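Bear in mind these aren't lab numbers, they're just calculated from the coordinates by the rules spelled out. Keep in mind that what you see is a predicted model, and the values were worked out from it rather than measured. Because the Cβ atoms are built from the backbone with ideal geometry, glycine has one as well, and the counts that use them run over all protein chains shown.
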Amino acid sequence: MADIGFIGLGQMGGAMSRNLIEAGHRLRVYDIDAGAVAAIVTEGAEAASNPAEAARDAEFVITMLQVGSIVEAVVFGENGIAEVISKNALFIDMSTILPEETQRIGARLAKRGIAMIDAPVGRTSAHAAVGTSTFMVGGAAADIERAHPLLEVLGESITHCGPLGAGAMVKLVNNYISAVVNLATAEGLALAEAAGIGKGIVAEIIGQTPAGQGHIRTTWPSKALVDDPTPAFMLDLAYKDVGLALETAARFNVPLATGAAGRQIYAIARSQGRGHDDWTTGIFRTVRALAGLTE
Ligand code: NAD
């Protein structure tokens, strides 16, 4: 069983530290919110009065904080982790922060001979509470191997995404897709409601189509993911359908901002001669070309 310093005991960190204690690990915990510390102490943790105290003599030091500037302050600020952390310890940041912040923190720690991995977390605090989080991990394979027993307590999927910062990058991409699909879903359901159709009906239908099930597991595997442009559904028709929705939404004064922007990219795809391509491969090829990505 490991000695762990755990800093940041909010929605995520609180649930995770509880699960680590339950699995038999010894935790010394810190949070600027004394109430959050007290709650975990009643579960069996030892309280620390600053990050350095939590990190002293620990084999693993975990941070679960809101943003990168707080992680940097907790690591390098006064009474920070870097002042005391053992050269044999592993620093694991689980916060959702910029990849370059992760790399900057890692580089400064590496100069002091201290290893770091980034392990941002997919899913929600409800999953963290029952130990079914997903981890996107960046760092050296040996360091990730060391962290595995702890990550296995906290989650049911651990994916090594690449070097330090790669976890943060995958997390950022995941959350971008999730947030934009969330918005498009809201726009679609608002349009249905304005036209007098209830949420339940739409939810039932989109739950059976790529709109609700997600493209990455439905339409993309046999097309965009293998760069096959032969159409299961033509990009021209997707362009037409976004147009039908925009025209109808205008009549009901419903803003479809995602669709309005998206239609421009579909138009570019058509101007590049991709109208008869599969809609997934065609749009992916177009966005990649606009980003200057070569084959
Ligand atoms: P939270 O606000 O609930 O918890 C953050 C904790 O950090 C708080 O308890 C706060 O008091 C503490 N804190 C702030 N400054 C501090 C400092 N200087 N020193 C010590 N403690 C300090 O946030 P959360 O929901 O637990 O999220 C943490 C991270 O995990 C975020 O980056 C978030 O984006 C990410 N995340 C959250 C969820 C979720 O469902 N809540 C899911 C996945 C990822």
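Hey, got a sec? Which GluC sites (Glu not before Pro) in the range 65-121 land in a DSSP loop and have at most 12 other Cβ atoms within 10 Å?
On the way: sites: Glu72, Glu78, Glu83, Glu100, Glu101; in loops: Glu78.
Qualifying residues, ordered by number: Glu78.
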Work out the charge dipole of the chain with +1 on the Cβ of Lys and Arg and -1 on the Cβ of Asp and Glu about the Cα centre, then indicate which of Ala38, Gly243, His160 is farthest towards its positive end.
Gly243
Between Ile283, Thr258, Ala147, whose Cα lies farthest towards the positive end of the dipole of the chain when Lys and Arg beta carbons carry +1 and Asp and Glu beta carbons carry -1, centred on the Cα centre?
Ile283
What nm value, rounded to one decimal, do you get for the distance between Ala267 and Asp57 when each label is placed 7 Å out toward the C-beta?
6.8
Would you list, by chain and number, the aspartates and glutamates whose Cα falls below 15 Å from the Cα of Lys199, excluding same-chain residues fewer than 8 positions away?
Glu187
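Could you sort 127-133, 11-17, 157-163 so that the peptide with the highest average Cβ count within 10 Å comes first and the rest follow in order? Mind showing how you got there, number by number?
Values: 127-133: 18.0, 11-17: 22.9, 157-163: 15.4.
Descending packing order for the listed peptides: 11-17, 127-133, 157-163.
Quick one: plug the Kirkwood hydrodynamic radius of the range 153-233 (C-alpha pairs) into Stokes-Einstein at 20 °C, 1.002 mPa s, and report D in µm²/s.
On the way: Rh = 15.5 Å.
Approximately 138 µm²/s, per Stokes-Einstein.
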May I ask what percent, to the nearest 5, of DSSP beta bridges between residues of the range 3-164 are antiparallel?
10
Can you compute the radius of gyration and Dmax for the range 42-96, using only the Cα atoms, both in Å?
11.0, 30
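Quick one: dipole size for the chain, taken about the Cα centre, charges +1 on Lys/Arg Cβ and -1 on Asp/Glu Cβ, in debye to the nearest 20. Let's see the in-between values first.
Working: 22 positive and 31 negative charges, 134 e Å.
So the dipole magnitude of the chain works out to roughly 640 debye.
If you add up the charges near Leu90, with Lys and Arg at +1 and Asp and Glu at -1, over every other residue whose beta carbon is less than 9 angstrom from its beta carbon, what do you get?
Numbers: positive: Arg146; negative: Glu59, Asp143.
Summing Lys/Arg as +1 and Asp/Glu as -1 gives -1.
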Computed over the Cα atoms of the chain, the Rg and Dmax in Å are 23.2, 66
Let me know the charge dipole size of the range 66-181 about its Cα centre in debye, to the nearest 20, where only the beta-carbon of Lys, Arg (+1) and Asp, Glu (-1) is charged.
140
Quick one: net charge around Thr230, please, counting Lys, Arg +1 and Asp, Glu -1 for every other residue with C-beta under 9 Å from its C-beta.
-2
Magnitude of the Cβ-charge dipole (Lys and Arg +1, Asp and Glu -1) of the range 101-164 about the Cα centre, nearest 20 debye, reported as 340
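How big is the C-alpha Rg of the range 1-62 next to the rule-of-thumb value 2.2 N^0.38 Å, as a ratio? Mind dumping the intermediate values first?
Working: Rg = 9.8 Å, N = 62, 2.2 N^0.38 = 10.6 Å.
For the range 1-62, the normalised Cα radius of gyration comes out at 0.93.
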Where the convex hull is taken over the Cα atoms of the range 203-295, what is its projected area averaged over directions, in nm²?
6.5
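Can you tell me how the range 104-246 classifies by the Cα gyration tensor, rounded, prolate or oblate, using a/c under 1.5 as the rounded cut? Write down the numbers at each step before the final one.
Details: a/c = 2.71, a/b = 2.01, b/c = 1.35.
Here the range 104-246 falls in the prolate category.
Of all the Cα-Cα pairs you can form in the range 16-134, what percent are over 25 Å apart?
Numbers: 1313 of 7021 pairs.
Result for the distance tail: 19 percent.
State the antiparallel share, in %, of DSSP beta bridges confined to the chain, rounding to the nearest 5.
Values: 4 of 29 bridges.
Here the antiparallel bridges make up roughly 15 percent for the chain.
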Based only on the alpha carbon positions, what is the Kirkwood hydrodynamic radius of the range 71-144, in angstrom?
13.2
So if a site counts as exposed when it's one of the trypsin sites (Lys or Arg not before Pro), its DSSP state isn't H, G, I, E or B, and it has at most 11 other Cβ atoms within 10 Å, what's the longest stretch of the chain without one?
113-295
